[in-house]
Amino acid sequence: MPLGLAPTILYLCLSIFVFIDTVNILHELQSRFATALSGMVDNPAELLLQVRASQDPKFGDYQANCAMPLGKRLGKPPRQIATAIVAKLEIDDLCEPPEIAGPGFINLRLKNDWLAQQASTALADPRVGVPTVAKPRTYVVDYSAPNVAKPMHVGHIRSTVIGNCLYRTLKFVGHEVISDNHLGDWGTQFGMIIYGYKSPEIRAQVQSSGAVEKLGEFGALYAWVNRLGEENPKIREAVLNETVKLHAGDAENLQLWKEIRTQSDKDIDRIYKRLGVKFDDQLGESFYHDWLSAVVDDLQKKEIGRESDGAIGVFLNGYETPFLIRKQDGAFLYATTDLATIQYRMETWHPDAVLYVVDHRQSLHFEQLFATARLWHPEWANVEFKHVNFGTVLGKDGKPFKTRSGDTVGLEILLDEGVSRALAIVSANDDAKPNGPELSTDERQKIAEAVGIGALKYADLSQNRTSDYVFDYDKMLAMNGNTATYMQYAHARVRGIFIKGQKQLGESTTSQQHVTQKIILSHPAERALALAALQFSEAMDLVLADYRPNQLTSYLFELANRFSTFYENCPVLKAETPELLHGRLALCNLTAKVLRQGLELLGIEVVERM
Ligand code: ARG
């Protein structure tokens, strides 16, 4: 081997070693406790859940509260148990000697040197210290799923942003993930549009109504015929007839359906592009049409589906109403399609879990769907079918969010409004800069798009998903508090300090590696910041434990706050020694990387300047 290669190879080996070396601190501690407890109990798994990050640094960085339940189990005083656990615990490579407090709490404090070394390692790691999961699973995430040919509205934003965040997070931690947009592309809305389209009078009325500009021709036809149908049962019947013809394969209606879908695909793709959302598959309801009768037959054959008054349903224990899979008139239902969909997904992807990100009003549907699926295919017993439900978007009046005229608000209009308000804020901030404006019109527009759309997404993601939330532009675009704007600003500020520091060191901004990656923890605020940065992986675990993106926003907000405390207490650019300057710049760099990666998992873009 040529001699010159040796150092390169050595470097590569070392860097591989370095990447493997980052740990999820909580997992590491739990595994040490597992070893210590294994001689004392048969199954320590449940006790390990009692090892957690501390809420209050007074009690150390982590706390193990397993001595109390174990004491109860063994009939011994918990303090004695705690002492026995500590005697067996091998953690002195990463922790100070554990302290036993109160009735038997074990308080753990990580060693400074170990933390500093972990932080430096995380900084050099493209995954910012987040290990991949030991046992990757396969997930199907069913999200967004608007009913096409109607304008997408504010309700769809929740499914889209929550689902997309879960998709990104699952993927980042190393699972196999398939996103499938289960478009509602086979429903009665097509009957309405087709009916309207075939009538020259209705088309003329719609053209002159001015609605086409806002909703597109099909959207306007839908709204128009929908309204006509509300007043006139004859029209409702005619509409139904067009839908039945479509489902029966009528050539003219099928051709129209294709045209409508092509147009609506264009409309929703434009929105998805703006939202930064892509799907691996978009198998809409129509895709399953040909299988529906086989699904019903099979369920009947297995005596899971039963006839009642000419309809066919699954009568599940504990439910007042059956899960209807075929109507009296022979038509199939939403439920039938969902059963065919489950079967297709199981056969195609063999997932360990299927997540449905759909609003809470469909809870009963999903309960019955999952129960039916398990009866139908007992071999799916261990598959996790999960309805990731969410609450309603409300207006400031506390009622479901509507425009002044009472219509639901189109998603595209919301995005435009968010971006235009963001542009006003970005421009005002820029105009107020001490040395005059720094941003070109183009830059302002680009930043406004990131800030406006980021604000909408973050406002949604930072809510507990199961609650309703109030849609309020002023709050979501606020520069302070738990908002995207604040987080994007925090990121830009940290990056700004880092870049300035590099310049000060006489380095070009592109050769970051010349700034040392060695993080030193000489001040409690530095330590608190580094610890938070290293808990990124734990925040992802919290997100995925119950599919709650707000765990990630809370984490990032806390990280940004710890950065502020650090910055108030520890001069960076004016650090006392060159070593401190390097160490603190490295800490800024780590913080910026975690913020950036975290926002990316939320689907939020960062900007270098604001
Ligand atoms: N299109 C439906 C709606 O807007 C949501 C579909 C959710 N996914 C599913 N597999 N059912 O209400």
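Structural remarks
- Of all residues in the range 375-400, those satisfying the criterion of being more than 30 Å from VAL177 (Cβ to Cβ) and touching a residue at least 40 places away in the same chain (Cβ under 8 Å) are LEU394, GLY395, LYS396, GLY398.
- All conditions in (1) open to solvent by less than 10 Å² (accessible area, probe 1.4 Å); (2) assigned to a helix (DSSP H, G or I); (3) in contact with a Ser or Thr (Cβ under 7 Å, 6 or more places away or on another chain) hold for TYR167, with the sole exception of (1).
- Verdict on ILE520 being closer than 25 Å to THR22 by Cβ and part of a loop (DSSP other than H, G, I, E, B): yes
- Filter pass, ALA124 being more than 16 Å from the ligand (Cβ to nearest atom), surrounded by 22 or more Cβ atoms within 10 Å (Cβ to Cβ) and touching a residue at least 24 places away in the same chain (Cβ under 8 Å): no
- Boolean, GLY174 is surrounded by fewer than 20 Cβ atoms within 10 Å (Cβ to Cβ), in contact (Cβ under 8 Å) with a residue 12 or more places away in the chain and in a helix (DSSP H, G or I): no
- Test for GLY229: is it buried (at least 20 other Cβ atoms within 10 Å of the Cβ) and touching a Leu at 6+ places or on another chain (Cβ under 6 Å): no
- Scanning the range 130-148 for residues that are open to solvent by 10 Å² or more (accessible area, probe 1.4 Å) and either away from the ligand (no atom under 11 Å from the Cβ) or acidic (Asp, Glu) (or both) yields PRO131, THR132, VAL133, ALA134, LYS135, PRO136, ARG137, THR138, TYR139.
- Scanning the range 282-306 for residues that are open to solvent by less than 20 Å² (accessible area, probe 1.4 Å) and outside any loop (DSSP other than H, G, I, E, B), we see that the one that is nearest to the ligand (Cβ to nearest atom) is TYR288.
- Residue count for the range 479-494 satisfying the condition of being more than 12 Å from ALA455 (Cα to Cα), of a type outside the set (A, V, I, L, M) and crowded, with 22+ Cβ neighbours inside 10 Å: 1.
- Odd one out for VAL161, checked against (1) in a strand (DSSP E or B); (2) within 16 Å of the ligand (Cβ to nearest atom); (3) touching a Lys or Arg at 6+ places or on another chain (Cβ under 6 Å); (4) not polar (S, T, N, Q): (1)
- Exactly one residue out of THR565, THR577 is farther than 20 Å from TYR489 by Cα, surrounded by fewer than 23 Cβ atoms within 10 Å (Cβ to Cβ) and among the polar types (S, T, N, Q), and it is THR577.
- If you check ASP430, ASP397 for being more than 16 Å from the ligand (Cβ to nearest atom) and in a helix (DSSP H, G or I), only one passes: ASP430.
- Failed condition for ALA422, given (1) under 30 Å from ASP474 (Cβ atoms); (2) open to solvent by 10 Å² or more (accessible area, probe 1.4 Å); (3) under 24 Å from the mean Cα position of the chain (by Cα): (2)
- Residue match in the range 380-391 (condition: part of a helix (DSSP H, G or I), modelled with pLDDT of 90 or more and under 19 Å from LEU477 (Cα atoms)): no
- Once the range 324-362 is narrowed to residues that are more than 14 Å from the ligand (Cβ to nearest atom) and in a helix (DSSP H, G or I), the residue that is most open to solvent (accessible area, probe 1.4 Å) is GLU347.
- Restricting the range 443-460 to residues that are surrounded by fewer than 24 Cβ atoms within 10 Å (Cβ to Cβ) and of a type outside the set (D, E, K, R), the residue that is farthest from ASN550 (Cα to Cα) is GLN445.
- In this structure, PRO97 does satisfy being more than 20 Å from the chain's Cα centre (by Cα), modelled with pLDDT of 95 or more, assigned to a loop (DSSP other than H, G, I, E, B) and away from the ligand (no atom under 16 Å from the Cβ).
The values are calculated or read from the model by the stated rules, or taken from the named source; none is laboratory data. The structure displayed is predicted, hence computed values, not measured ones. Note that each Cβ is placed from the backbone with ideal geometry, even for glycine, and that neighbours are counted across all protein chains shown. We work out accessible area using only protein heavy atoms, side chains counted, and drop any ligands, DNA or RNA first. Shrake-Rupley method; radii C 1.70, N 1.55, O 1.52, S 1.80 Å.
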